[in-house]
Structures are given as structure tokens and as C-alpha cells.
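Written out below as C-alpha cells is the structure these notes cover.
The values are calculated or read from the model by the stated rules, or taken from the named source; none is laboratory data. Bear in mind that the values here come from a model prediction, so they are computed numbers and not experimental data. Ideal geometry is used to build each Cβ from the backbone, glycine not excepted, and the neighbour counts take in all protein chains shown.
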Amino acid sequence: MEKRQSLRGMVDLLPEQLELWQWVEQVARRHFTQAAVAEIRTPLLEFTDLFARSIGESTDVVGKEMYTFEDRSGRSCTLRPEGTASVVRAAIQHGLLAQSAPRLWYGGPMFRYERPQAGRQRQFHQIGLELLGVPEVVSDLEAITLAWDLLAALGLEGLTLELNSLGTSDDRLRYRHGLVAWLEQRRDQLDPDSQQRLASNPLRILDSKDPQTQALLEGAPHLFESLAPDSRARFEQVQAGLDGLGIPYVHNPRLVRGLDYYSHTAFEMTTQQLGAQATVCGGGRYNGLVEQLGGPPTAAIGWALGMERLALLLQQSGAQPPGEKPDVYVVHRGQAEALAALGLVRQLRQQGLSVQLDASGSALSKQFKRADRSGALWAAVIGEAELAQGVVQLKSLRQPISEQLQWKLNDSIGLARMLRATNASQC
């Protein structure tokens, strides 16, 4: 029989992995709640035109990496390759921009047809932030601060904040002319992909991973040299703000980000621990995107972090999420005892306790070993004698208790109260 496997680049997340993921999501949710940022959830599938218009038809994402197909009505649809365009579309569609500066975050899977490697899959997951409607520099600083503090709350160290300004569209057009003129004189030294981009999207050449092209670009003009005085002044305010907040950064004049909608502030948080996949979190300002997608002129800034890369970093750093352990592990043997045990489990859960039921039917000695491995403070035992007497025996798994404890099966409220009190004293 043929062995069934997942598609290449589509990875199963198993229970032991999800403990780390759920902890990250829990910390992120708390982090956003404290910052008065509301969650939004958008569909995985959108009209292709949304991404072609927002990301840019000449980008690698649109040209090479999207999962695109026609539905039964002949409409071109695409699995979302990133989250910002969908959030902006939803904000326009549902009138969120009429509210006072929407502050939104999202999480979930994205899809790009890339070469899978450590930290990069074809179905990958992101957590992202979008702050809409505030053009001032303080919004740039808050967005960066939220990302920096979230990663710090997860215990990550050794990250580098790389910062650049992409200026306005006029700044980039001015720079594009100078860059193309410089590169045309060195066309034969560019890799084939960069030679193609020279006509369609020359700024993407700055993102080339080809070693020869990267070495050549060391002598290329910088975008920063083409910024107008206002753009430079704005970038200096961002830098001064980060200095005041005590957040270290480096100015990387080669940082352009991979999507066409960015302007002014662009940033990435990178690490040297993951090889080529160095970026953990990246984002920037995109003041023209809302209007480009049919909404009113709206300033905006946002970022996204990659869960796969973040999980790799946390594992390498030895991060140990505070695992959820049951308050009680219920051990039993026999059919009638199993029904009584299930009734007790249900009642204790209704009282707010975390209770794990051993439904294996194996020997009590094996069940006790599993109870100990579960991390529970208590094992509750229902055997033939206990069922006959209408009681449950309690065994402490973490503290030596000489006397034997038992409780009436029909007094789940009292039992839950006692367990909560003793758990609090043992923790």
C-alpha cells in the first residue's frame, strides 16, 4: 500500500511541537492586549488581483511563488502569501478606517512556493501587526517597540535591529535612475535573475542572494543618498526615538524589504543563528497601500514575524515554555469504575480544574507511571473497593503525605475546593 505523506513544504505540527507554538501565541496575545491592539482574522483565499496590486507584479512573490488557480466560476484566486494586503482589504471593505486609527494584529498560515529549508516552508505561519491611520514618527517607534519587546518577552537574545529609510516614491524614482545607470555599466557581472530585474524592478537586485552580485553591489550608490531633506529628517527622528528608548539598531542602507508597498521606515530583526534565513521579524511603513487598494489616503505601518524561524531560535536557546500540567490525573480499572471516573472528571472540570483521565485500561502500576510523567500534583484512584464505598482515593505525586486521603464521590465541589487549596500551597 502506498505510504501517505504531506506535500513537500507542508509540515505537520505535532503535539510536542505545539506546546512551544501555543506558548508564543499566548505571550503574543497578552502583549497585544496590553497595547490595546485588536485581533482580526481574514480568509486564506483571496482574489489574485489583491496581491498583484499590493505586493507588485514584478516581485518574486507574485511572479514565482504564489499558489494561484481558477475557481469553478473562472475567477483567479490565490492562497495568501502574506497578511498585510488582506488586513487592508478587510479594513476598507468593513469601514474600519472610519474608526479612530485601527490597531490590528493577526496570526495564521501563509503560502509561498519556495524551496523548503530550515525555518522556511511552503505553508508557513506568521504573527503580524498593522497600525493604520497615524502618520507621525511615534507610530513607527511604537510598531518597532512592540516587536522588540515581544521577542524580548520570549527570552530571545542576540537579535540585531536593522533599519533603513526607503523615502517617498519620488525619492525611489530618483534613486532608481541612478542605480540603473550604474548597473547597466556592469550588466555582464550580474547574475541572470538580476539582469532580468534590471528592466522590471531594479531595487530588487539589492536583495539578490548571489555572492558575485552582492560583492558587486558593495560599490553601488545607496538609496539614502537620494532621499529628499524631509525624508532624511524623518529618518533621523526615528533614529533619535530609538536612541531615547534604549533600543539598539544599525543603519543598513541595503535594506529594501521584498514587497513594493513599503515607504520611509523599513526594518528587520535578524539573527546569526539560522544561517541564510536570518530575518525573524520584518516590516515597515506603507502609506500608499490603502489608497492603492481603493481606500482613502491612509498612513500605515506594520510587521510580521515568522513562527517557524522563531520556533527554531527558541529551541536553540533552550527556551522552556511553562507547560500546562493537569491538576489531577484520574486512575481507574474496570468498566463500572471507568464510568464513575468519567463522571468525576466531568464534575471536577466543571469546577475549573484541569483533569486528565487515563482511558488506557492498563494495569494500575502503568497508569501511576503515566500520572507521574504528566506533572499532575494529585492522582485520584477509583478501584473496585472505592466504587463500592462511594469514595475516591487521593495520592500526592509531588509531596510526601503519610495519611491516606479519600473523598466522597458525590462531593465534587468540596473535593475541588480542597484540591485548589492544596495545589496552591504546594506550588
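In the set E25, E82, which member is under 17 Å from the mean Cα position of the chain (by Cα) and not in a helix (DSSP H, G or I)? Give the derivation first.
Values: E25 fails: not in a helix (DSSP H, G or I).
So the residue among E25, E82 that is under 17 Å from the mean Cα position of the chain (by Cα) and not in a helix (DSSP H, G or I) is E82.
Which is in a helix (DSSP H, G or I), among the aromatic types (F, W, Y) and at pLDDT 95 or above, of F32, F51? Reasoning before the result, please.
Working: F51 fails: at pLDDT 95 or above.
After applying the criteria, what remains is F32.
Can you work out which of the residues in the range 220-274 that are over 25 Å from the mean Cα position of the chain (by Cα) and among the aromatic types (F, W, Y) is nearest to K209 (Cα to Cα)?
F224
Restricting the search to the range 110-128, which residues are in a strand (DSSP E or B) and under 18 Å from V280 (Cβ atoms)?
Correct list: M110, Q117, R120, F124, H125, Q126, I127, G128.
Out of everything in the range 55-79 that is of a type in the set (D, E) and in a helix (DSSP H, G or I), what residue ends up being farthest from Q123 (Cα to Cα)?
Across the range 55-79, the extreme among qualifying residues is D60.
From E136, E130, grab the single residue that is in the same structural domain as V238 (by TED's automatic domain parsing) and surrounded by 19 or more Cβ atoms within 10 Å (Cβ to Cβ).
Among E136, E130, only E130 is in the same structural domain as V238 (by TED's automatic domain parsing) and surrounded by 19 or more Cβ atoms within 10 Å (Cβ to Cβ).
Just one of S354, S365, S396 is closer than 20 Å to R417 by Cβ, hydroxyl-bearing (S, T, Y) and either surrounded by 18 or more Cβ atoms within 10 Å (Cβ to Cβ) or more than 35 Å from the chain's Cα centre (by Cα) (or both); which is it?
Only one candidate passes the filter, namely S396.
All but one of (1) surrounded by fewer than 18 Cβ atoms within 10 Å (Cβ to Cβ); (2) more than 22 Å from N287 (Cα to Cα); (3) of a type in the set (G, A, S) hold for A28, so report the exception by its number.
Condition (1) is where A28 drops out.
Can you confirm whether G283 is of a type in the set (G, A, S) and more than 20 Å from the chain's Cα centre (by Cα)?
It is false that G283 is of a type in the set (G, A, S) and more than 20 Å from the chain's Cα centre (by Cα).
Looking at I382, I301, which is the one that is β-branched (V, I, T), closer than 30 Å to G83 by Cα and at pLDDT 90 or above?
Every option except I301 fails the conditions.
How many of the residues making up the range 13-54 are without any contact (Cβ under 8 Å) to a residue 12 or more places away in the chain and more than 18 Å from H125 (Cα to Cα)?
Count: 4.
Quick check on R41: is it in the same structural domain as S263 (by TED's automatic domain parsing), within 21 Å of the chain's Cα centre (by Cα) and loosely packed, with under 15 Cβ neighbours inside 10 Å?
So R41 fits the description; yes.
State the number of residues belonging to the range 79-107 that are buried (at least 21 other Cβ atoms within 10 Å of the Cβ) and of a type in the set (G, A, S).
Going through the range 79-107 one residue at a time, the tally reaches 4.
If we only count helices (runs of 4 or more DSSP H) wholly inside the range 177-281, which ones have 1 or more residues that are at pLDDT below 85 and buried (at least 20 other Cβ atoms within 10 Å of the Cβ)?
192-200
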